[in-house]
Amino acid sequence: MANHLKLNEETKSLIKSSLNIEENILNLGLNKWKNKLKKFEKEHKISTEKFVSKFNKGELGDDKKWFEWVFAYKAYNHVKEKLNLVKGITYDL
């Protein structure tokens with residue numbers, strides 16, 4: 001069930017602008033985490049997907065670098081989810 005708000009033009013403009021800014025910020029964050037993942041992949045010659053699978057099975061041990069990679073993977077997915085939420089906001093302003 002959609003709720004409808006009555007907004008003046010200034011408020012509509014502010015909402016559009018805010019959503020655009022948020023989307024840009026999230027895109028920057030997504031690119032940052034994607035680049036970190038690529039760096040790990042290049043350094044260790046394994047895809048992030050294969051790494052996460054091996055890590056979750058306990059095949060890699062407890063080295064700090066593995067936890068940093070897992071953190072980057074989780075951060076990437078978190079930002080991606082937030083970006084998809086923002087992109088999914090529809091408005092008729």
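Only the coordinates and a few stated rules stand behind these numbers; no lab work does. Just so it is clear, the model here is predicted, and its values are computed rather than measured. Quick reminder, even Gly has a Cβ in these numbers, built from the backbone with ideal geometry, and neighbours come from all protein chains shown.
Any idea how far apart Lys87 and Asn35 come out in nm if each label point goes 7 Å out from Cα toward Cβ?
Computed distance between label sites Lys87 and Asn35 equals 2.0 nm.
Once phi is turned into θ = phi - 60°, what whole-Hz ³J(HN,Hα) does the Karplus curve with 6.51, -1.76 and 1.60 give for every residue of region 35-47, x standing for Gly and Pro?
The phi angles translate into 5, 5, 5, 4, 5, 4, 4, 5, 5, 9, 6, 8, 6 Hz.
For the chain, calculate the relative contact order in percent as a whole number, restricting contacts to Cα pairs under 8 Å that are 6 or more residues apart.
With pairs under 8 Å counted, the relative contact order is 42 percent.
Compute the Rg to Rh ratio over the chain from the alpha carbon atoms, using the Kirkwood formula for Rh, and round to two decimal places.
1.20
I want the local charge near Leu19. Using Cβ-Cβ distances under 15 Å, sum +1 for each Lys or Arg and -1 for each Asp or Glu among the other residues.
Surrounding charge for Leu19 is +1.
What pairs in Lys39/Lys87; Lys36/Lys80; Lys16/Lys87; Lys32/Lys65; Lys34/Lys87; Lys12/Lys34 have C-alpha atoms more than 21 Å from each other?
Checking Cα-Cα distances, Lys39/Lys87; Lys12/Lys34 exceed 21 Å.
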